[in-house]
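Just so you know, all these numbers are worked out from the coordinates, no wet-lab data involved. If you're wondering where the values come from, they're calculated on a predicted model, not measured in any experiment. Glycine gets a Cβ as well: all are built from the backbone with ideal geometry, and neighbour counts include every protein chain shown.
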Amino acid sequence: MKKCTSCNPKAEIEADESIKNIVEEKYDREYYTKYKDNSELKMGKAKERLFRELNLQSGMKVLDIGCGSGETAINIAEKIKPNGRIIGVDLSSQGIEAAQRSAKIFNVENVTEFQKTNATELQFPNNYFDRVISECVISLISDKMKAFTEILRVLKGKGKVVIHDVITWLPLPRSMKEDDEIYCNCVGGAISIEDNTRIMKEAGFVNVQVIDFSDEYRNLLNKLIVVRAIEMEDEEKFQEIMKFVRKKGIGYALFIAEKT
Ligand SMILES: C[S@@+](CC[C@H](N)C(=O)[O-])C[C@H]1O[C@@H](n2cnc3c(N)ncnc32)[C@H](O)[C@@H]1O
């Protein structure tokens, strides 16, 4: 399956489509549900910090980019109801349908909305949201600048974005960048803290802060990477990936920034 560079707009669409197909397939295979049920994979500390930074108040409008099956959006709904609104967008129809079902179950349908939308083409007016969040999604988007430009556009002045995602401490080996499974685990498209911060600043964000959670999540990420490296059944690739893993190439971070 093709993976594309951000400098080719057509390729960007193909990249997003290919990710969408893989993620849909995972929802089909209940892959995502399986991982959600594995407490090890719940980004507990980063999520806790995300909520602290968001400082949600009743009545706020919040956007969740790549909301998946809506777990965080439902938690946000509880904090911003009865007059607020949390909108989750995702490329996956199955994710959106699961989120809609959860909203019904948790009785927060009146404050939630879930839309099948690409993060790089948001269908909202300028200056619309008080907060934007994203969890493990930016690493899946090839045109990260476009994603951050869109987030900035829909945020109100003084609004805040809080995201957490996989980051790299070393350049990713080619075998990792080119593997769909590693890509879909938010690793193959991850970038360094410096690059992520630079893109956010270039997009127009101010007061960009970073909280490093690498020590908390590296073991978990390494497990996913090593399992896949074994599955590749290619000794050269395996050794290349293991070198990256041993040198602590992968990490995890929370990014907080504001719009002026
Ligand atoms: C690793 S999952 C994270 C889901 C959710 N944020 C969570 O933490 O449970 C990544 C999600 O991002 C979505 N995604 C990937 N690229 C996207 C894009 N360009 N626009 C919107 N959603 C996207 C996928 O469909 C998937 O549901």
Using per-residue counts of other Cβ atoms within 10 Å, averaged over each peptide, order 138-144, 51-57 from highest down.
138-144, 51-57
For a 22 Å ceiling on Cα separation, which of these pairs sit above it: LYS177/LYS259; LYS61/LYS158; LYS79/LYS144; LYS61/LYS81; LYS81/LYS160; LYS144/LYS243?
LYS177/LYS259; LYS79/LYS144; LYS144/LYS243
Determine the sum of side-chain charges near GLY204: Lys and Arg each +1, Asp and Glu each -1, restricted to other residues whose C-beta is under 10 angstrom from that of GLY204.
+2
Karplus ³J(HN,Hα) for region 244-257 (6.51 cos²θ - 1.76 cosθ + 1.60, θ = phi - 60°; Hz, whole; x = Gly/Pro) runs 4, 5, 5, 7, 6, x, 10, x, 8, 8, 10, 10, 10, 8
For region 43-138, what ratio Rg/Rh do Cα atoms give with a Kirkwood hydrodynamic radius?
0.93
Give me the net charge of VAL108's neighbourhood, meaning all other residues with Cβ under 15 Å from the Cβ of VAL108; Lys, Arg count +1, Asp, Glu -1.
+1
List, in order, the whole-Hz ³J(HN,Hα) value for each residue of region 108-115 obtained from phi through the Karplus relation with A = 6.51, B = -1.76, C = 1.60 and θ = phi - 60°; use x for Gly and Pro.
10, 4, 6, 10, 10, 8, 10, 10
Starting from the Cα-Cα distance between PHE106 and LYS45, subtract it from 0.36 nm times their residue separation and give me the gain in nm to one decimal.
19.6 nm
